[in-house]
Amino acid sequence: MRKPLSLITTGLAAGALLLTGATYASAGADSDRAAVGPAEAAQPYKVLVVGKTLGFRHSHIDDTTNAVIELGKEHGFTVDVWDPPIGRSPGQPALTMATTPFTSTEALSKYATIMFASPVDGTNNQDPNRPRTLDDAELAAFKGYIRQGGGFVGLHAATDEMHAVPWFSQLTGGSARFRNHPAQQTATMVVESPHHPSTTMLPKKWVRFDEWYNFTSNPREDVHVLLTLDESTYNPGNGAMGADHPIAWCHNFEGGRSWYEGAGHVDSSYSDPLFLDHLLGGIEWTAGVVEGGGNCVTFPEVEEITADLADGGNRNAKLSADVADHLAAAEEAAEAGDHAAAAHILKKARGKAHGLQDDTLVAKLVDLVEWQGGLVGW
């Protein structure tokens, strides 16, 4: 399995920012990264697509699978499929593995990332005894896989399964689960994080026809939001989330990387070059072969690291407190829309963090600087 950060050629983030014109973040954000030459081609890797369906069968699962297989041929990865015929679900008998691949963490370690392609399991009633996509043993293997650095890609109804498993809902994104959706219609998605590898190709306002989910909660506090829905551009119906309606996001979770896109219900998504480029960015980022745009780091994620470093004497306590103060001030500036101020404050935090001699904290602060700096003028 690919450990996300160990396979990334450092310096890609700065290059991506320069190419997109976001020079503010690159000027100083990468001073802690090693100077390197052009990135070498990534080695071949494997992706697992899960389509196993116990509930409503999304017609796009077959299209998704075939599209990902083609993406793999073009971009250096191979694909295994787990989508057995079950009940009313025909599955994909010509492609599916004969038995579950979730036999152990070790068995899953061959995959750089695992995609759940809308495998609804009908557990909306929260009954813990109802059959679900992964049983207890399979879930344990998957948890181990994520905690050892595995990747997760969730498409559309990946938030409409495993409803009685809080860990899975946290993985897919801040405990936000599918609630309901209005009739399929055209709506506008707004890009919030323009320099992530899955968004660099998107227009600031992305107009699409799709099935738009309302969620049980807003995941913003726990994830790095990539795209939001502008509810003024369509009728969200009962369950509308209001002015802040995240629809795509990513985050670093228990050692692994998670990326989710709520669109993608309509079959035509998987012949749309722009949507496929967006999806490819999610696959490659969770697989650890690309980085950029702040790598989905969030303020709470860095605050937790800082708090853990407070022990170890008066010096560590003082430095940790200083970093925490800077983080709080930067977050306040970011929420107010003053991204230049946020990036400036975060650079101060990075300077203090060096004294704590924790490479992870420094790297995460570099990511925060890159993210906030890249939003200046957006």
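The values are calculated or read from the model by the stated rules, or taken from the named source; none is laboratory data. A quick note: this is a predicted structure, and the numbers were derived from the prediction, not measured. So basically every Cβ, Gly included, is an ideal-geometry build from the backbone, and we count neighbours across all protein chains shown. Keep in mind that these areas ignore ligands, DNA and RNA; they rest on the heavy atoms of the full protein, side chains included. Shrake-Rupley method; radii C 1.70, N 1.55, O 1.52, S 1.80 Å.
Cβ separations smaller than 7 Å between residues 6+ apart or across chains give no pair from region 302-325 residues that are within 18 Å of residue 359 (Cβ to Cβ) to residues that are surrounded by fewer than 13 Cβ atoms within 10 Å (Cβ to Cβ) and at pLDDT below 95.
Residue by residue through region 81-99, note down the ones that are buried (at least 17 other Cβ atoms within 10 Å of the Cβ) and outside any loop (DSSP other than H, G, I, E, B). Of everything in region 81-99, those that are buried (at least 17 other Cβ atoms within 10 Å of the Cβ) and outside any loop (DSSP other than H, G, I, E, B) turn out to be 81, 82, 89, 96.
Go through (1) within 17 Å of residue 135 (Cα to Cα); (2) open to solvent by 10 Å² or more (accessible area, probe 1.4 Å); (3) without any contact (Cβ under 8 Å) to a residue 60 or more places away in the chain for residue 43 and report which single condition fails. Unmet condition: (1).
Among the residues making up region 361-378, a single one is touching a helix residue (DSSP H, G or I) at 6+ places or on another chain (Cβ under 6 Å) and open to solvent by 40 Å² or more (accessible area, probe 1.4 Å): 376. Only one of the listed residues (263, 243, 248) is aliphatic (A, V, I, L, M) and either surrounded by fewer than 17 Cβ atoms within 10 Å (Cβ to Cβ) or more than 20 Å from residue 63 (Cβ to Cβ) (or both). That residue is 243. If you go through region 338-378 and keep only what is farther than 14 Å from residue 298 by Cβ, part of a helix (DSSP H, G or I) and not hydrophobic (A, V, I, L, M, F, W, C), you end up with 339, 344, 347, 348, 350, 351, 352, 354, 359, 360, 373.
Residue check: residue 311 meets all listed conditions (1) touching a Phe, Trp or Tyr at 6+ places or on another chain (Cβ under 9 Å); (2) assigned to a loop (DSSP other than H, G, I, E, B); (3) open to solvent by 40 Å² or more (accessible area, probe 1.4 Å) but one, namely (1). The numbered conditions (1) at pLDDT below 95; (2) closer than 24 Å to residue 280 by Cα are all true for residue 127 except (2).
Each row is one residue, and each column tells you yes or no for (1) surrounded by 18 or more Cβ atoms within 10 Å (Cβ to Cβ); (2) at pLDDT below 95; (3) of a type in the set (Lys, Arg); (4) at positive phi.
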| site | (1), (2), (3), (4) |
| --- | --- |
| 317 | no, yes, no, no |
| 320 | yes, yes, no, no |
| 323 | yes, no, no, no |
| 327 | yes, no, no, no |
| 334 | yes, no, no, no |
| 339 | yes, no, no, no |
| 346 | yes, no, no, no |
| 349 | yes, no, no, no |
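Residue check: residue 102 meets all listed conditions (1) open to solvent by 10 Å² or more (accessible area, probe 1.4 Å); (2) more than 21 Å from residue 265 (Cβ to Cβ); (3) of a type outside the set (A, V, I, L, M); (4) in a loop (DSSP other than H, G, I, E, B) but one, namely (1). The single residue among 216, 133, 200, 186 that is buried (at least 23 other Cβ atoms within 10 Å of the Cβ) and either basic (Lys, Arg) or in contact (Cβ under 8 Å) with a residue 24 or more places away in the chain (or both) turns out to be 133. Within region 351-360, being touching a helix residue (DSSP H, G or I) at 6+ places or on another chain (Cβ under 7 Å) and crowded, with 16+ Cβ neighbours inside 10 Å holds for 352, 353, 356.
Could you check region 219-240 and list, in sequence order, the residues that are under 20 Å from residue 331 (Cα atoms), β-branched (Val, Ile, Thr) and open to solvent by 40 Å² or more (accessible area, probe 1.4 Å)? Write out each step before concluding.
Applying the first criterion (under 20 Å from residue 331 (Cα atoms)) to region 219-240 yields 219-228.
From what's left, β-branched (Val, Ile, Thr): 223, 225, 228.
None; the set is empty.
Selection over region 147-170 of residues that are buried (at least 24 other Cβ atoms within 10 Å of the Cβ) and farther than 21 Å from residue 218 by Cβ gives a count of 3.
Residues that are touching an Asp or Glu at 6+ places or on another chain (Cβ under 9 Å) and closer than 14 Å to residue 226 by Cα within region 175-195 comprise 188, 189, 190, 195, listed in sequence order.
Residue by residue, here is whether (1) closer than 26 Å to residue 109 by Cα; (2) not in a loop (DSSP other than H, G, I, E, B) holds:
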| residue | (1), (2) |
| --- | --- |
| 244 | no, no |
| 249 | yes, yes |
| 275 | no, yes |
| 297 | yes, no |
| 326 | no, yes |
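In the set (1) more than 17 Å from the chain's Cα centre (by Cα); (2) within 27 Å of residue 337 (Cα to Cα); (3) touching a residue at least 24 places away in the same chain (Cβ under 8 Å), residue 209 fails one condition alone, (2).
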